[in-house]
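Only one structure is covered here, and it is reproduced in the block below.
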């Protein structure tokens, strides 16, 4: 049965959980489809994650390969296809522990960078798994700065081949997923040389393992890079190339080609490369970042409703920890953030779709804005969500620290999202560069892309709020965020110009402003997040019950942002100290209001117990029984340790000197 | 050889690294002794951590037991004793991976809570390892709030025994270290019942495993609680008791006794219990919190001096990432914090020694202040250092995420320090309670303990600084911190009183102020940290070279605190927006100054390569070679995977349907 402490939380929901779920899914029909996919996956024992927390890196890898192979069968059986509507729910249901994700990137890179001839040759091989692909870009010594890659590909006219080499250890490919043990082929990014002249980085299809017996091909050194903080199931690999020859046709040549005589021809637009990165950055947000934070909130909030500790009132029963202001202040802003970023994901997706339609018409106008927003939000969302998961973990005390809570693995995995697909600081600086450019354009009276028009109207001002209730007016706080973001962009632009005018070289001046530029980029993204949350709530008019609680969450998200970062609002007097006290009061008042609906709000995320895989977060709230049951399955209780015979017994029987 | 990029960093040190090391050690003679201990430990292959990152939980446990047993031999061999001066360096040298730490707590609790007779009986058994002890306080359902423990000990007059029981699952002992697999005895905390009346929580010595064959004793269910985020080497355990009988003499009875007729007699002071917790909280700071953050800084800063990425100036070589303002702004404040907290540890140690001398004279006056400071600093130092290690990890990009960097294991371990020995929020609220009490006492004209005298002089005011250089005056920033801390204590006290006067019940009012109370407690600790850093630098007068760089670090620590938390200084106008810009300018100016000495400043921590156990952090800076060498040793490269034969081969050979 359900723990009464959790059951009671559900009886007082101010809204229909089922309706909120459907709305989050974008319609009840999507909810149905998602649940059908989840059920099919979870019913199949091959996809079970039951013993995941006890497995070694080798076991996790093997299980992931097994699942990936089995998934092909399952999809045929269920009639699911890679382009079908069910597909996006499969990965969510598998919860990430599946191999061959890089095989998809391999395929995608050929589709985007390859000629029609190359696509015709390679895509069928890949989709029928007659090869397993990977994607080899990052090197031991080179990550985000692609121009610095050191792998070389020298064109040999006599044999019409490229000769690939790893000239030194820092040029070794390092990190590519699926490459350490699985892949037979990979796309290698290397500096192209023809007649001794370097033409920059280009992609080459290279076979690395035999299709017969999986042995490494001549000239190839490859293996696994060893244990990481998470991703035990992925064989991230290393690759060294020694005079590896591939035919001329293996350079992906949609945008540039090497003719048989060594002539180098560039064709098509380079801009499209931006678009590829943008696609990936937006696509990771939902599954890799927002879903994990929703899971962490579900676990921590359900646990906080059943965990009783200490007494709020003398003489009473011990209190649910969710009733403490400090616990609410830890968890509820993270819950609000999970919703806020779910809506930002919709916003980015919509923006992306619009841009994509334009690009198909050869109109690249939206690219700079899309690039700036996708970079900035990748950084801000991964950063905030990683911190949110950590807060959830710590809010569960000791039990949160047990792997069985599910929280450590959510944390160690989401942490990687701050690092991969562009290091966050570098991404924020790309957004900042766009903002500074727009701010300059605005000063020169030029038109601006929609998301940054506010930069044209930077002016001093003061918040008109007179009491704490005014801060529940979304115009009041949205304007405060807008003012703050505009001020940070404008003051950093001024600093930059002042430095340059005082004789500092442009690149030095830029470096001296980067800490503040990154702050400005974050402020911009926070403003857009608040604005988008407000607009999302406004659109909800027809569903009064849901709108009311979403409005509370929106207020909480916005006021938490001011409460926890008051300096930027106080700095120029836009908010006074007295107004900041009103913000604090309104913010703290909201906590017990939202606390009443906290469990229904996480129930609405609609995670099954299997997908949470948490002894603390299950729907029935029977946390202590489950912790005990799961602990008993641990190999530390099943495998007899030799420690007693070898060390403890001689010690206890006082034979220490003979050890 | 040393990587030239790292060697060059050492040629320009502004001070003598060896002198700084000696000063940090408290004298060159200590440095010599520490190095001798480290060398003896590291030369011994039993203590090697070489393959630690590849080991399973079972292997880690076994290695830790082996090391603990071997250590006994080593100590005799070397002439080290538990009370000798070398002892504190042993644990540092072992870097934590050693069993029987709870055995020490077992011994200590008997020494402190046991009668002379009990000490005479048990301590020799424990120190000769004729038993292995643990300490069973925490239960599945109960952590910090000890009064809520549910384990029962009922006195049976007829047999003169206590009958111990675990009445329900939430009462099961959970987490005690060394108990899952090793311990033969443990101190169980249980509610004492005599004639049906409960006398509260008392400690009982209980044997749980046979001294002959290590099998569980009758009525005992015990085992390992399974995988955690770290501490793989520790057998944290569970324990269920069913009618387990122990003789009357097994209740530790220095402070209270049960007579044969069931009469309960309390003797001695309860206050001393505070002191025990205080001891532990202070003692963990150095080894478990400050040493790890020093290691993380060493790894991240050395790596940042050899990692080159992107270009600061067009046309030049790629730049060391340590030359980027954003990287300096990530790492250098953490380095300053490592120093700041090293000095706070000295401060607390001194305070503790003074209090201890007084207590031996039966004077308990210092206890409240010591308790408040040790609680608050336990929370603040663990919180800041955990965040510092995470920043270091992320600042190393992808390679920081590899276990081989050493950073993930530092992070996952230090994170636990925020949770154990008192949950941080609860500790901050204990400090806050002391601060509010002192503030009230000051308002009533009563005298205050030294660390809080400033609360007597809270008044509005403005910072007198006129330009950015004024913020390098330590009086200026120390006063800003003092003003801010006093204001937060005073305004929260006012809110609390207002609520109570408006009719809110005292405990509700307290709960409604806890978010702000915790902030006030943190502010107090930050102020003390800055003040203590300033005083430490002032005392350095005779060593000019070291004093200069320490002054820079002190300034950086103080200004970083204002820069990253500007709201509390701006709130009442103590600092103006214009002054905040000066703080920012001075702060950012300091980064390139300290950057020049960054590598010497971490070299001075004097960690051996073995103790860092990091492919990124070694003294020679040969990071890429080392990553590659270490990765090759990974079991993922040594054990043949069955994944190819079982799953990949059938897939590639198109036998999917037969799988």
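Just so you know, all these numbers are worked out from the coordinates, no wet-lab data involved. All values reported here derive from a predicted model rather than from experimental measurement. Heads up, the Cβs are rebuilt from the backbone with ideal geometry, glycines too, and the neighbour counts pull from every protein chain shown.
The table below lists the values:
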{"read-out": "C-alpha center-to-center spacing [region B:464-540, region B:271-304] in angstrom", "value": "24 Å"}
{"read-out": "Separation in nanometres of the label points that stand 7 Å from Cα toward Cβ, at residue B:261 and residue B:620", "value": "7.8 nm"}
{"read-out": "Debye log10 I(q)/I(0) at q = 0.14, 0.15, 0.20 Å⁻¹ for region A:542-659, Cα point scatterers", "value": "-0.82, -0.88, -1.08"}
{"read-out": "Percentage relative contact order, chain B, counting C-alpha pairs under 8 Å, at least six apart", "value": "15 percent"}
{"read-out": "Inter-chain Cβ neighbour average for residues A:644-650, partner chain, 10 Å", "value": "6"}
{"read-out": "Copies compared at residue A:242 - label distances in nm, ascending, label defined 7 Å from Cα in the Cβ direction", "value": "6.4"}
{"read-out": "Cβ crowding within 10 Å averaged over residues, with B:16-23, B:299-306, B:75-82 ranked highest first", "value": "B:299-306, B:16-23, B:75-82"}
{"read-out": "Length added when fully stretched, residue B:507-residue B:311, from 0.36 nm per residue minus Cα-Cα", "value": "64.7 nm"}
{"read-out": "Counting DSSP beta bridges with both ends in the protein assembly as shown, the antiparallel % (nearest 5)", "value": "85 percent"}
{"read-out": "Pseudo-label separations to other copies for residue B:211 - Cα-to-Cβ vector, 7 Å, nm", "value": "7.1"}
{"read-out": "Helical mean residue ellipticity (222 nm; -39500 (n - 2.57) per DSSP H run of 4+; nearest 500) of the protein assembly as shown", "value": "-17500 deg cm²/dmol"}
{"read-out": "Label point 7 Å beyond Cα along the C-beta direction, distances from residue A:473 to other copies (nm, shortest first)", "value": "4.3"}
{"read-out": "Zone of residue B:287's modelled label, taken as backbone nitrogen in region B:229-245 under 17 Å from a point 7 Å along Cα→Cβ", "value": "B:231-236"}
{"read-out": "Potential lengthening between residue B:629 and residue B:193 on full extension [0.36 nm per residue; Cα-Cα distance subtracted]", "value": "150.8 nm"}
{"read-out": "Label-zone membership for region B:1-44, site residue B:609, 7 angstrom Cα→C-beta point, backbone N under 12 Å", "value": "B:1-3"}
{"read-out": "Mean Cβ neighbour count within 10 Å, used as a protection proxy, ranking A:647-653, A:101-107, A:256-262, A:399-405 highest first", "value": "A:399-405, A:101-107, A:647-653, A:256-262"}
{"read-out": "Förster-model FRET efficiency, 35 Å R0, residue B:111 and residue B:158, C-beta, rounded to 0.05", "value": "0.65"}
{"read-out": "Two-site FRET efficiency, residue A:123 against residue B:48, from Cβ-Cβ distance with R₀ of 51 Å, rounded to 0.05", "value": "0.55"}
{"read-out": "Rg over Rh, two decimals, region B:385-528 (C-alpha only, Kirkwood Rh)", "value": "1.09"}
{"read-out": "For A:566-576, mean number of other protein chain Cβ atoms within 10 Å", "value": "5"}
{"read-out": "Protection-proxy order for peptides A:562-571, A:199-208, A:452-461, each taking the mean of Cβ atoms within 10 Å per residue, highest first", "value": "A:562-571, A:199-208, A:452-461"}
{"read-out": "Inter-chain Cβ neighbour average for residues A:626-638, partner chain, 10 Å", "value": "6"}
{"read-out": "Spherically averaged projected area of chain A from its Cα convex hull (nm²)", "value": "38.2 nm²"}
{"read-out": "Potential lengthening between residue B:467 and residue B:653 on full extension [0.36 nm per residue; Cα-Cα distance subtracted]", "value": "59.5 nm"}
{"read-out": "Near-label residues of region B:329-347 by backbone N, under 19 Å of a point 7 Å along Cα→Cβ of residue B:593", "value": "B:329-340"}
{"read-out": "R0 of 56 Å, Cβ-Cβ distance residue B:18-residue A:498: FRET efficiency to nearest 0.05", "value": "0.85"}
{"read-out": "Largest-first principal axis extents of the Cα set of region B:444-497 (Å)", "value": "39, 24, 13"}
{"read-out": "Directionally averaged shadow of the protein assembly as shown, computed from the convex hull of its alpha-carbon atoms, nm²", "value": "50.4 nm²"}
{"read-out": "Counting DSSP beta bridges with both ends in region B:133-267, the antiparallel % (nearest 5)", "value": "80 percent"}
{"read-out": "Between region A:1-32 and region A:83-141, the Cα center-to-center distance that results, in Å", "value": "36 Å"}
{"read-out": "Globularity index of region B:133-267, i.e. its alpha-carbon radius of gyration over 2.2 N^0.38 Å", "value": "1.03"}
